[in-house]
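Down below is the structure, laid out as structure tokens.
The values are calculated or read from the model by the stated rules, or taken from the named source; none is laboratory data. Because the structure is a prediction, the values reported are computed rather than measured. All Cβ positions, glycine included, derive from the backbone under ideal geometry; neighbour counts span all protein chains shown. Ligands, DNA and RNA are excluded from the accessible area calculation, which covers all protein heavy atoms including side chains. Shrake-Rupley method; radii C 1.70, N 1.55, O 1.52, S 1.80 Å.
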Amino acid sequence: MDAAIERAARIGDGFVFGFTGEMVCTQAATMLRRRRELGRTGPFTMTAMLDYSLGPEGWEREIAAFALAGGTGVAVRTDDDSSAFLGTRRNDF
């Protein structure tokens, strides 16, 4: 992931993370810090995939943490195949 963070900071205009959580927040903050170090300015969006199975309290917690790290948006993952792969609770619909 370090190479992807560096590349996005150096030449990208945004980044999509495949999930949320502490590691994503750390990577988002690192990406923004690296952009500043490189003298990059201007719009840079960061979106994270939020797991529907987290429920309203989990959504609120993850969105707040990601926003604090510089995240600009989330997309909601609802499919059970991804839940099985990530080891999260199934949505069953």
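A compact table of results
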{"read-out": "Apportionment of accessible area to carbon and sulfur, the chain, percent (1.4 Å)", "value": "57"}
{"read-out": "Pairwise FRET efficiency - Val76 versus Thr41, Cβ, R0 = 35 Å, nearest 0.05", "value": "0.70"}
{"read-out": "Simple spin-label estimate for Arg34 and Arg7 in nanometres, 7 Å along Cα-Cβ", "value": "1.1"}
{"read-out": "Per residue solvent-accessible surface (Å²) - the chain, probe of 1.4 Å", "value": "62"}
{"read-out": "Rounded to 10°, Cα long-axis angle of helix 55-68 versus longest principal axis of the chain", "value": "0"}
{"read-out": "Most mobile of Met23, Met46, Met31 in a GNM of the chain (Cα contacts under 10 Å)", "value": "Met23"}
{"read-out": "15 Å beta-carbon shell around Ala9, net charge (K/R +1, D/E -1)", "value": "+3"}
